[in-house]
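One structure is given here, and the rest of the page talks about it.
Each value in this text was obtained by applying a stated rule to the coordinates, not by laboratory testing. Just so it is clear, the model here is predicted, and its values are computed rather than measured. Don't worry about glycine lacking a Cβ; one is built from the backbone with ideal geometry, like all the others, and counts go over all protein chains shown.
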């Protein structure tokens, strides 16, 4: 019995002698070493570089996925592996600015038919509405990193597009003669999005220079369409019939359509670290929202929170450049 116990203790002590601490990096590389100390920013360790030479080294905690320490042993001399610990980020705050182009999914078919019905050519109508669908976007996010791979925060996005044009449309002519009058239109569309956000990030490169980030965010969408133009008018007064052409004039016609809706945003970016605290790259995102109610105010009409017969899609795709600063 004593011999069996001695043999067991011998093999356990031999295993303990050969066992080493291990550091697993975020690139899934294994460093076999002797961990000396673990700080908030770095892990200090010793590593055997040759038969009789041991070098002291250290690694940033942000580059460590988890580590195992074999320094603690139980009463029988067995090796105790500490529970893996998630590394703390060196810099917990991330500020992201993104800008570029955007493509709206709003359907302008009914407006296009209205334009062509008044005498505007199909090519002119398509060019006018096409400018409303293609716009610019600016996005800003701020996140607090819980670990190196996940963070929470908030984000804001602005989509803006505009179009303007002058057209000849069908007017009123006496004696069955065709007549055309000038119509001027100018529109601007603004779509705001704001809400809480969750950030996920990965570091696929071995040196940590490359970064892939994803964001998911629910929030509120505020839509606003400003329209300005001049409208052709005929003044009849108290007369029902004129000898010759009735008086005509142009009147400015301005209107605002607006509404709010629930929306969601998803985005992804590929960045390269140009400095320890600064990375830049390409980014894309999609904001989904459908407007079910809208308010309209014009020079002669006002409607509030009217239920739309068909929900208006105010979603849009964004793509462009991104700049991220960590501190």
| Amide N proximity, segment 187-204 versus residue 27 label position 7 Å along Cα-to-Cβ, cut-off under 18 Å | 202-204
| task | Can you pull the one-decimal nm distance between simple spin-label points at residue 292 and residue 47, each 7 Å off the Cα toward Cβ? | result | 5.9
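Rounded if a/c is under 1.5, else prolate if a/b beats b/c, else oblate: with a ≥ b ≥ c from the C-alpha gyration tensor eigenvalues square-rooted, which is segment 93-326?
Taking the square roots of the gyration eigenvalues as a ≥ b ≥ c, segment 93-326 is prolate.
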| said: Between residue 138 and residue 227, how high is the FRET efficiency from 1/(1 + (r/R0)^6) when r is the Cβ-Cβ distance and R₀ = 30 Å? Nearest 0.05. | reply: 0.85
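Once the Cβ-Cβ distance between residue 34 and residue 91 is put in as r, and R0 is 41 Å, what FRET efficiency do you end up with, to the nearest 0.05? Each step should come with its number before you reach the end.
Numbers: r = 29 Å, r/R0 = 0.70.
It comes to 0.90.
How far, in nm, would the chain grow between residue 152 and residue 124 when pulled straight, counting 0.36 nm per residue and subtracting the alpha carbon separation? Write out the running numbers ahead of the final one.
Working: separation 28, 0.36 × 28 = 10.08 nm, distance 4.61 nm.
Between residue 152 and residue 124, full extension yields 5.5 nm more.
Let me check I have the definition right: for segment 282-327, take the eigenvalues of the Cα gyration tensor, multiply each by 5, take square roots. What are those semi-axes in whole Å, largest first? Provide the component values of the computation, followed by the final result.
Numbers: eigenvalues 249, 39, 18 Å².
Calculated on Cα positions only, the semi-axes equal 35, 14, 9 Å.
Provide the FRET efficiency to the nearest 0.05 for the residue 113-residue 319 pair, computing r from the beta carbons and using R0 = 35 Å.
On the way: r = 30 Å, r/R0 = 0.86.
Rounded to the nearest 0.05, the efficiency is 0.70.
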